[in-house]
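Since the structure comes first, as structure tokens, the remarks are kept for the end.
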Amino acid sequence: MSFPPVEDVRVKPKPLPTAETFESEAAANRYESALEAWGEEGWARVGRICRDAVRKGAPYPEGWCPEAHP
């Protein structure tokens, strides 16, 4: 039996704002970018795990992992 890559199941902590985030527009923008990247990467992981599960026969509804179904 194979498993998803460890990188896909390791939890990455959500970026936290610092005091500077509330005091500087540039810092706030960096924080927002980091938060966006964290979320996008998390959903990419979910997609990879979902597609792997479908390939292995998981009985998910059609369209659950759109990229995995023909």
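The values are calculated or read from the model by the stated rules, or taken from the named source; none is laboratory data. The structure displayed is predicted, hence computed values, not measured ones. With ideal geometry, Cβ positions are generated from the backbone for all residues, glycine too; neighbour counts draw on all protein chains shown. The accessibility values were calculated without ligands, DNA or RNA, using every heavy atom of the protein model including side chains. Shrake-Rupley method; radii C 1.70, N 1.55, O 1.52, S 1.80 Å.
Kindly provide the helix-only [θ] at 222 nm of the chain, computed as the sum of -39,500 (n - 2.57) over DSSP H runs of four or more divided by all residues, to the nearest 500 deg cm²/dmol?
Value at 222 nm, helices only, nearest 500: -18000 deg cm²/dmol.
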- [ ] Run the dipole for the chain about the Cα centre, Lys and Arg Cβ at +1, Asp and Glu Cβ at -1, nothing else charged, and hand back the magnitude in debye, nearest 20.
- [x] 500
- [ ] Run the quick spin-label model on residue 28 and residue 6: label points 7 Å from Cα toward the beta carbon, then report their separation in nm to one decimal.
- [x] 4.0
Open item on the list: I want to check the label-to-label distance for residue 44 and residue 58. Put each point 7 Å from Cα in the C-beta direction and report it in nm to one decimal.
Closed with: 1.9
Open item on the list: Of 1, 15, 47, which is farthest towards the positive pole of the chain's charge dipole, taken about the Cα centre with +1 and -1 on the beta-carbons of Lys, Arg and Asp, Glu respectively?
Closed with: 1
Task: Per residue accessible area in Å² of the chain, where ligands, DNA and RNA are left out and the probe is 1.4 Å - done: 80
TODO: Tell me, rounded to the nearest percent, the portion of alpha carbon pairs in the chain spaced more than 20 Å apart.
DONE: 48
TODO: Taking the chain as the reference, fit the longest principal axis to its C-alpha atoms, fit the long axis of helix 25-55 to the helix C-alpha atoms, and give the angle between the two in degrees, 0 to 90, nearest 10.
DONE: 10
